[in-house]
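Single-structure report; data block below.
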Amino acid sequence: MKYAWIKAQQNQHAFNVNGMCEMLGVMRSGYYAWKNNPQSTRDKEDIRLGELIKKSFYEGRHTYGRKRIQDDLKDWGEKVSKRRIGKLMAKLGLWCKTRKKFKATTNSKHNEKISPNILN
């Protein structure tokens, strides 16, 4: 975040890089390393996997969790852990719908009077 602000200010020619780095408490070499290589290979891989996860999630009608998505990715030739899939799903804001178990609400085992059937 600090590096992005420095880059924006440098584009406006407001301040010099050395002064901004000193003011924000970051190293100048760190800023230039970030500027020359803004995305790591892990970030690029996460973006690519994120698209595959979204595809599986939406094809599963929002019901696929990390286990089913892992199975889909395995079918597509990707080897990814459930933990990484879970982290990427959280980062993308994907939450699967959970099925609610059927709960019987009628209690037929009671000693109270049963109303007569007036419809038939």
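Observations on the model:
- Residue count for the range 40-68 satisfying the condition of being assigned to a loop (DSSP other than H, G, I, E, B) and surrounded by 10 or more Cβ atoms within 10 Å (Cβ to Cβ): 5.
- Residue that is farthest from TRP95 (Cα to Cα) [pool: residues in the range 1-39 that are modelled with pLDDT under 80 and of a type in the set (Gly, Ala, Ser)]: ALA14
- Filter result for LYS101 (loosely packed, with under 14 Cβ neighbours inside 10 Å, touching a helix residue (DSSP H, G or I) at 6+ places or on another chain (Cβ under 6 Å), more than 30 Å from TRP5 (Cα to Cα) and outside the structural domain of ASN11 (by TED's automatic domain parsing)): no
- Within the range 13-63, the set of residues being within 24 Å of the chain's Cα centre (by Cα) and either in contact (Cβ under 8 Å) with a residue 40 or more places away in the chain or at positive phi (or both) comprises ASP46, GLY50, ILE53, LYS54, ARG61, HIS62.
- Count of residues meeting criterion [in a loop (DSSP other than H, G, I, E, B) and among the hydrophobic types (A, V, I, L, M, F, W, C)] in the range 69-120: 10
- Positions within the range 101-120 being at pLDDT below 85 and among the basic types (Lys, Arg), in sequence order: LYS109
The values are calculated or read from the model by the stated rules, or taken from the named source; none is laboratory data. Since this is a predicted model, take the numbers as computed values, not measurements. FYI the Cβ positions are ideal-geometry reconstructions off the backbone, even for glycines, and counts take in every protein chain you see.
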